[in-house]
Amino acid sequence: MKTLIINGSPKAKNGNTEVFIQQFIKGAGTSYEVCYLAKEDSQQLAEYMKQFDTIIVAMPLYIHAMPGIVMKLIGCMEPATDAGKSMGFIVQFGFMESAHSKYLEKYLSSLARHLNYNYLGTVVRGGSSGTSMMPDKMNKKLFKQMQILGEHFEKEGSFNIEIMNEMAKLIELSKGKSRVFQFLSKIGIGDSIFWNQMLKKNNAMDKVFDKPFAEKNA
Ligand SMILES: Cc1cc2nc3c(=O)[nH]c(=O)nc-3n(C[C@H](O)[C@H](O)[C@H](O)COP(=O)(O)O)c2cc1C
């Protein structure tokens, strides 16, 4: 089984998507080829992908959707002419509720079928914005899950349903829990610790509530 993993993050090797991919490969115990969409010509990559049996596209969620570079690649892809090819997706993002990617997931499942690929499923993981900034011990559970997914994929050629369900378990927060998280975020506890660190590092803390695209006087 010849597998190609596509990193669909505009940040390429420097983003969180890369961490997910590397843990998946670690679990698989083999070195899958990884292509960085941000550094590739979409048309050429779409052509190159034709020689692989399985394609895994890993990406962040940007504005509730796939990044533009992934959309561009999809626009260049043609339906597979050989039967038996498979395609799966890994979507990770900032908000903790997996419901945020539900429209993208629906699109990806129909896309795979439209392109004549067997759909392996979409691994969904929210609450991931701080992944590459957090110490490894805080990512222990995520790393383990991604490694199990990789190991299972290498053996079975599919995504492990139990792990996928576990990772996407928090579908929507109850009203009570979301109030607790709003409070924690206000006092600087939670994911915002890492966001705030980055904002401070880039001298951007005072711009945190800027709305550069908002209409004036709106
Ligand atoms: C421009 C932009 C838009 C984003 N939009 C969303 C969003 O709609 N929902 C969400 O949960 N996270 C959103 N995020 C957070 C990213 O999905 C998250 O930080 C992800 O881990 C980034 O992965 P990467 O580092 O591989 O690019 C956004 C981040 C950026 C930079």
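Hey, does the range 6-25 have a residue that's over 12 Å from the mean Cα position of the chain (by Cα) and away from the ligand (no atom under 16 Å from the Cβ)?
No; the residues of the range 6-25 include none that is over 12 Å from the mean Cα position of the chain (by Cα) and away from the ligand (no atom under 16 Å from the Cβ).
Report those helices (runs of 4 or more DSSP H) wholly inside the range 129-197 carrying at least 2 residues which are within 16 Å of the ligand (Cβ to nearest atom) and among the hydrophobic types (A, V, I, L, M, F, W, C).
140-156
If I ask for residues that are of a type in the set (A, V, I, L, M, F, W, C), touching a residue at least 12 places away in the same chain (Cβ under 8 Å) and touching a helix residue (DSSP H, G or I) at 6+ places or on another chain (Cβ under 8 Å), which ones from the range 150-204 would you list?
Within the range 150-204, Phe153, Phe159, Ile163, Met164, Met167, Ala168, Leu170, Ile171, Leu173 meet the criteria.
Restricting the range 1-42 to residues that are part of a loop (DSSP other than H, G, I, E, B), small (Gly, Ala, Ser) and touching a Ser or Thr at 6+ places or on another chain (Cβ under 9 Å), which is surrounded by the fewest Cβ atoms within 10 Å (Cβ to Cβ)?
Looking at the filtered set, the residue picked out is Gly15.
Regarding the range 129-151, can at least one residue be identified that is within 30 Å of Asp82 (Cα to Cα), of a type in the set (Lys, Arg) and assigned by TED's automatic domain parsing to the domain that holds Asp53?
no
Inspect the range 43-50 for any residue being within 16 Å of the ligand (Cβ to nearest atom) and in a loop (DSSP other than H, G, I, E, B) and give the result as yes or no.
No, the range 43-50 contains no residue that is within 16 Å of the ligand (Cβ to nearest atom) and in a loop (DSSP other than H, G, I, E, B).
Pro10 fails exactly one of the following numbered conditions: (1) out of contact with any strand residue (DSSP E or B) (no Cβ under 6 Å at 6 or more places or on another chain); (2) within 27 Å of Ile161 (Cα to Cα); (3) touching a residue at least 24 places away in the same chain (Cβ under 8 Å). What is the number of that condition?
(2)
Taking Ile187 as meeting all but one of (1) modelled with pLDDT under 85; (2) touching a strand residue (DSSP E or B) at 6+ places or on another chain (Cβ under 9 Å); (3) β-branched (Val, Ile, Thr), write down the number of the exception.
(2)
The values are calculated or read from the model by the stated rules, or taken from the named source; none is laboratory data. None of these values were measured; they are calculated from a predicted model. Reconstructed Cβ throughout: ideal geometry from the backbone, glycine too, with neighbour counts over all protein chains shown.
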